[in-house]
1. Mind listing whichever residues of the stretch 48-65 are surrounded by 14 or more Cβ atoms within 10 Å (Cβ to Cβ) and within 13 Å of L24 (Cβ to Cβ)?
2. For the stretch 1-47, what are the residues that are at pLDDT 90 or above, surrounded by fewer than 11 Cβ atoms within 10 Å (Cβ to Cβ) and either of a type in the set (S, T, Y) or not in a loop (DSSP other than H, G, I, E, B) (or both)?
3. Would you confirm, using the coordinates I've provided, whether G69 is assigned to a helix (DSSP H, G or I) and of a type outside the set (F, W, Y)?
4. List every residue pair whose Cβ atoms lie under 7 Å apart, where the two residues are 6 or more positions apart in sequence or sit on different chains, the first residue falls within the stretch 49-64 and is at negative phi, and the second residue, located anywhere, is polar (S, T, N, Q).
Amino acid sequence: MASKATKAKPKSRLRPGQLDDLVLGYMKKHKGELPITATKVAQGIKRSSGAVGNCLGRLEKEKKVKLAGKKPRRYDLARTTK
């Protein structure tokens, strides 16, 4: 009997920068939930929380999001991105 993991469709590979667009798009669509954790965003866009966490760290350096809480790490949109 095959497990559910082997039956699931593999996710398509994203182009460079595409994850940034997915993360920012999710955050803009769910402004009422901000600040938000990488795990919550990852569940919403169906991507790994590690990849989303790395993406949020990169977006923070680019000043597109800001760190709103350290434990757990929670992010909000930067004023210029809202």
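The values are calculated or read from the model by the stated rules, or taken from the named source; none is laboratory data. The structure presented is a predicted model; accordingly, all values stated were derived computationally and were not measured. Using ideal geometry, Cβ is built from the backbone for each residue, glycine included, and neighbour counts are taken over all protein chains shown.
1. V52, C55, L56, R58, L59, E60, K64, V65
2. K29, G32
3. The answer is no for G69.
4. S49/T39; K64/T81
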